[in-house]
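What follows is one structure encoded as structure tokens, with my remarks underneath.
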Amino acid sequence: MDDFFLGCGLFLVGLMFLSLYRGIFGPTVLDRMIGVNAIGAKTTVLLILIGVLYHRLDMFVDIALAYAMLNFIAVLAAARYFQKRKGLDEELY
Amino acid sequence: MKKNAPEQPKLDLPPIEEGKGSASPYVATFIIMLGVWCLLSGRFDAFHLGLGVLSSALVSYFSADLLFSGPLTGRTLRMAFGFLGYLPWLLYQIMLAALHLLYLSFHPRMLELIDPQVIRFRSRLKSDVAQVTFANSITLTPGTITIYVNFHRDFSVHAIDRFSGEGLPGEMERRIARAFGEE
Amino acid sequence: MVIAVIVVVCLVAGLIFFAGGTLGLLRFPDFYTRLHPAGKLDTSGALLVLLGLAVYQLFPLTLGSVLTGLKLMLIVVFIFLASPTATHAIVDAGFRAGLESWKKGDPRR
């Protein structure tokens, strides 16, 4: 069973790298934010998978909960910050 | 500067209910906080439980009005149970719509299938809780995102294709109205 | 044995949802449409994966494992509360900044 969980975790890491493409090359700031948010959502699940692999789930569950909350607050703060900027789609590189 | 400011048009807001004189919001907040404490700490000896009681009492004393804005009545309980009864249907809808979105995102000619559009409609839900539940349910159902809700209960919803948006407001609004007792 | 089948089915279904969300995030043509798979297929995927893991760690049945399972469900509840709020915050920021929506026939952005 552990091998299966390891495979799931590696698959999730691959998906996170794919999401990172949107985080780096996304044409606007908000696209990057979506990418980062998607990575955060996957990280929460990945932390719990790691906890199952190390047989210390009771500890990793708390870490995952704290991470989910931090990710949520970070996205809210970033969205509020960029709300005031006009012309996000004409961003200069 | 402030003296010459034009007078704001008066809005017909319901009077804000003060939760004073009733202990029920404090008790309910205390019970919820203590439950979360027990769940998160996982230790049931006297020391940890005592700390939990102390901190739950402090939190409920300072911020009971954040969770419940008025005294608790039988209506609040009925709304809570109605909401619990609404959840399974919502989960079923989320899964159905997630499958549709999954089909869209794996489809090789996806660009021909999607047709983004903004749908506007006026809801008939009255209470704030019902409107928030409705807006969040729309956002949770894949294929539709609530862009904004204004004071007059006008909803703007972004739908990814015709199929996702055609069911709005429809059955979801009816079920929420029934769950929160607004029939 | 039955438990193992349930766990594997839940995890594989959740991972398919995650894969669909990531693929949609990469393929969809504009900001608003990308928000749909990113914000919500991930939510459904997290629900399924965490449900499967909660069932897996529930055996042998002790007080500690029940508490851990409840904590996992607490994470699911938190994700279901937080995800629509975050999605709404992002779409609101885009709407107020005046991003144009993609129309049929436009090039991919």
Residues in the stretch A:19-34 that are within 7 Å of chain C (Cβ to nearest Cβ) and either open to solvent by less than 30 Å² (accessible area, probe 1.4 Å) or at pLDDT 90 or above (or both) total 7
Note: among C:71, C:104, just one is without any contact (Cβ under 8 Å) to a residue 12 or more places away in the chain, within 11 Å of chain B (Cβ to nearest Cβ) and either over 25 Å from residue A:9 (Cα atoms) or outside any helix (DSSP H, G or I) (or both), namely C:104
Exercise for the section: Please verify whether the stretch A:41-48 includes one or more residues that are part of a helix (DSSP H, G or I) and within 27 Å of residue C:102 (Cβ to Cβ). Expected result: yes
Filtering the stretch A:19-33 down to residues that are touching a Lys or Arg at 6+ places or on another chain (Cβ under 8 Å) and either outside any helix (DSSP H, G or I) or not β-branched (Val, Ile, Thr) (or both) yields A:19, A:22, A:23, A:26, A:27, A:31, A:32
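Taking the stretch C:66-98 on its own, how many of its residues are more than 24 Å from the chain's Cα centre (by Cα) and open to solvent by 20 Å² or more (accessible area, probe 1.4 Å)?
Residues of the stretch C:66-98 that are more than 24 Å from the chain's Cα centre (by Cα), as a first pass: C:96-98.
From what's left, open to solvent by 20 Å² or more (accessible area, probe 1.4 Å): C:96, C:98.
Count: 2.
Got a number for residues in the stretch B:149-162 being surrounded by fewer than 18 Cβ atoms within 10 Å (Cβ to Cβ) and touching a Leu at 6+ places or on another chain (Cβ under 9 Å)?
Of the stretch B:149-162, the ones surrounded by fewer than 18 Cβ atoms within 10 Å (Cβ to Cβ) are B:150-154, B:156, B:162.
Next cut, touching a Leu at 6+ places or on another chain (Cβ under 9 Å) only: B:151, B:153.
So the count comes out to 2.
Only one residue in B:86, B:148 is modelled with pLDDT of 85 or more and touching a helix residue (DSSP H, G or I) at 6+ places or on another chain (Cβ under 8 Å), so which one is that? Step through it out loud before you land on a result.
Details: B:148 fails: modelled with pLDDT of 85 or more.
So the residue among B:86, B:148 that is modelled with pLDDT of 85 or more and touching a helix residue (DSSP H, G or I) at 6+ places or on another chain (Cβ under 8 Å) is B:86.
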*asked:* Scan the stretch C:98-107 and tell me whether some residue there is more than 20 Å from residue B:105 (Cα to Cα), touching a helix residue (DSSP H, G or I) at 6+ places or on another chain (Cβ under 6 Å) and hydrophobic (A, V, I, L, M, F, W, C).
replied: yes
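Report yes if residue B:176 is part of a strand (DSSP E or B), more than 9 Å from every other protein chain (Cβ to nearest Cβ) and either polar (S, T, N, Q) or in contact with a helix residue (DSSP H, G or I) (Cβ under 8 Å, 6 or more places away or on another chain) (or both), otherwise no.
Values: part of a strand (DSSP E or B): no; more than 9 Å from every other protein chain (Cβ to nearest Cβ): yes; either polar (S, T, N, Q) or in contact with a helix residue (DSSP H, G or I) (Cβ under 8 Å, 6 or more places away or on another chain) (or both): yes.
So residue B:176 fails the test.
Quick check, is residue B:111 in a loop (DSSP other than H, G, I, E, B), assigned by TED's automatic domain parsing to the domain that holds residue B:173 and among the aliphatic types (A, V, I, L, M)? Give the steps one after another, and end with the answer.
Values: in a loop (DSSP other than H, G, I, E, B): no; assigned by TED's automatic domain parsing to the domain that holds residue B:173: yes; among the aliphatic types (A, V, I, L, M): yes.
It is false that residue B:111 is in a loop (DSSP other than H, G, I, E, B), assigned by TED's automatic domain parsing to the domain that holds residue B:173 and among the aliphatic types (A, V, I, L, M).
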Subset of the stretch B:112-129, residues open to solvent by less than 40 Å² (accessible area, probe 1.4 Å), over 22 Å from residue C:34 (Cβ atoms) and of a type outside the set (S, T, N, Q), comes to B:121, B:125
Would you confirm whether or not the stretch C:44-65 contains a residue that is within 11 Å of the chain's Cα centre (by Cα), touching a residue at least 24 places away in the same chain (Cβ under 8 Å), open to solvent by less than 10 Å² (accessible area, probe 1.4 Å) and more than 10 Å from chain A (Cβ to nearest Cβ)?
yes
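Do the conditions hold for residue B:169, that is, is it at pLDDT below 80 and farther than 21 Å from residue C:30 by Cβ? Break it down stepwise before answering.
Values: at pLDDT below 80: yes; farther than 21 Å from residue C:30 by Cβ: yes.
The answer is yes for residue B:169.
The values are calculated or read from the model by the stated rules, or taken from the named source; none is laboratory data. The shown structure was predicted, so the numbers you read here are calculated from the model rather than taken from an experiment. Backbone-built Cβ (ideal geometry, glycine too); neighbour counts: all protein chains shown. Heavy atoms of the whole protein, side chains included, go into the accessibility calculation; ligands, DNA and RNA do not. Shrake-Rupley method; radii C 1.70, N 1.55, O 1.52, S 1.80 Å.
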